[in-house]
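Contents: one structure, followed by commentary.
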Amino acid sequence: MSEALAGIRVVDLTNNQAGPSCGQMLAWLGADVIKVEEPGKGDVARYSQRDREHPDADALFFLAFNANKRSLTLNLKHAHGQEVFRANTVFSYFPQDYYAPPASAGLLGPEFGIMDASTSLKRANFVNTIVFSSIPVSCGTNSCNAPNGTSINLVELQQLAATPANLVDRLNRLLMHGTMSDEMRLSIEGAVSAVSASNSLLRARQALYLVATASQYQVQR
């Protein structure tokens, strides 16, 4: 029997008793509950009622309300920690139950719920920028979530660029879990082969761009 909340992820920012107990109920129903705790301290319930004979162990009180959860630490008092909750892209907010048109086909396509002709082109332009160039330093008034800018390390792909088939096969496994069609594979291999073999960087960029903007990749991801 499948669990009611299977496939749903919940971020638990609560501590002590009331909030954690609610998060645990969601975990019992199948949700992937991730408990966020303060670095160096954690939930106060971990140590506030510890067994005196086991001072280094988590308190039974804490364990009783936090079973079936994963845990990580994040300093929400620091700007870098707060950036996690201010995603820079709408792709963090897919409507999970959106059906790709036509809805009568019954095919779930969450990304189509927030993408149209305009946003699709913007995404392709973004891929072009990050693959063939880089994203510059981005700093706000109170924080700097990209102090060094953002770029992709293409060394591994460059090492495979001499043989387009190997390069495309690697991208197929990395980005599409081996689902690339033969037609798409041959098309990209041809485009990569058209680039001079002496320019391994351009070959790597060409292959990555074509895979990341392909319709098959949009569905697979």
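The values are calculated or read from the model by the stated rules, or taken from the named source; none is laboratory data. Here the structure is a predicted model, which means the values were calculated and not measured. Backbone-built Cβ (ideal geometry, glycine too); neighbour counts: all protein chains shown. These area figures cover heavy atoms from the full protein model, side chains too; ligands, DNA and RNA do not enter into them. Shrake-Rupley method; radii C 1.70, N 1.55, O 1.52, S 1.80 Å.
When T150, T141 are checked against the criterion of being among the β-branched types (V, I, T), at pLDDT below 90, open to solvent by less than 70 Å² (accessible area, probe 1.4 Å) and closer than 30 Å to N75 by Cα, T150 stands alone in meeting it. Given the condition of a type outside the set (S, T, N, Q), touching a Phe, Trp or Tyr at 6+ places or on another chain (Cβ under 9 Å), under 22 Å from L107 (Cβ atoms) and part of a helix (DSSP H, G or I), answer yes or no: does some residue in segment 195-207 qualify? So far as segment 195-207 goes, no, none of its residues is of a type outside the set (S, T, N, Q), touching a Phe, Trp or Tyr at 6+ places or on another chain (Cβ under 9 Å), under 22 Å from L107 (Cβ atoms) and part of a helix (DSSP H, G or I).
Kindly indicate whether R86 is at pLDDT 85 or above, out of contact with any Pro (no Cβ under 9 Å at 6 or more places or on another chain) and open to solvent by 90 Å² or more (accessible area, probe 1.4 Å). When the stated conditions are applied, R86 does not pass them. For segment 52-74, residues that are of a type outside the set (A, V, I, L, M) and out of contact with any helix residue (DSSP H, G or I) (no Cβ under 7 Å at 6 or more places or on another chain) total 8.
Residues satisfying the criterion are absent from segment 48-59 (criterion: over 18 Å from A4 (Cα atoms), open to solvent by 70 Å² or more (accessible area, probe 1.4 Å), hydroxyl-bearing (S, T, Y) and outside any helix (DSSP H, G or I)). Taking the residues in segment 20-47 that are open to solvent by less than 40 Å² (accessible area, probe 1.4 Å) and assigned to a loop (DSSP other than H, G, I, E, B) as candidates, determine which candidate is modelled with the lowest pLDDT. So the residue we want is G42.
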